[in-house]
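Notes for the one structure printed next.
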Amino acid sequence: MEVNQARPAQLRALSLRPCDIDSILSARKRIGSFNSFEELLESSGVAPHVLLPLRSRLEFSGNPTRSNRRGSRTLDL
């Protein structure tokens with residue numbers, strides 16, 4: 001499943017809890033997209049024991065235009 005395009009219903013199909021789905025979607029909205037499983041773990045706050053069993057089912061297209069800068073800010077004008 002492509003994590004960066006998954007809808008809530010698709011994430012529910014992975015047996016994720018609603019609070020974990022909310023965390024993933026909030027993190028995705030905040031950072032734009034996940035480039036890796038590790039970034040999903042780090043950014044979403046979902047416990048590793050919840051996501052590790054799903055690792056082989058998750059895909060990450062990432063966003064090649066987004067750099068991997070930590071602490072950067074986006075300014076919307």
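The values are calculated or read from the model by the stated rules, or taken from the named source; none is laboratory data. None of the values given here were measured: they were computed from a predicted structure. When we count neighbours, we look across all protein chains shown, and the Cβ atoms used for this are built from the backbone with ideal geometry, even at glycine. Note: areas computed on protein heavy atoms with side chains; ligands, DNA, RNA excluded. Shrake-Rupley method; radii C 1.70, N 1.55, O 1.52, S 1.80 Å.
Selection over the range 1-32 of residues that are of a type outside the set (A, V, I, L, M, F, W, C), open to solvent by 40 Å² or more (accessible area, probe 1.4 Å) and assigned to a loop (DSSP other than H, G, I, E, B) gives a count of 5. Just one of the listed residues (Val50, Val46) is in contact with an Asp or Glu (Cβ under 9 Å, 6 or more places away or on another chain), surrounded by 14 or more Cβ atoms within 10 Å (Cβ to Cβ), at pLDDT 95 or above and part of a loop (DSSP other than H, G, I, E, B), namely Val46. Exactly one residue out of Leu58, Leu51, Leu41 is under 17 Å from Met1 (Cα atoms) and within 9 Å of the chain's Cα centre (by Cα), and it is Leu41.
For the range 53-77, filtered to residues that are aliphatic (A, V, I, L, M) and at pLDDT below 95, the residue that is least open to solvent (accessible area, probe 1.4 Å) is Leu75.
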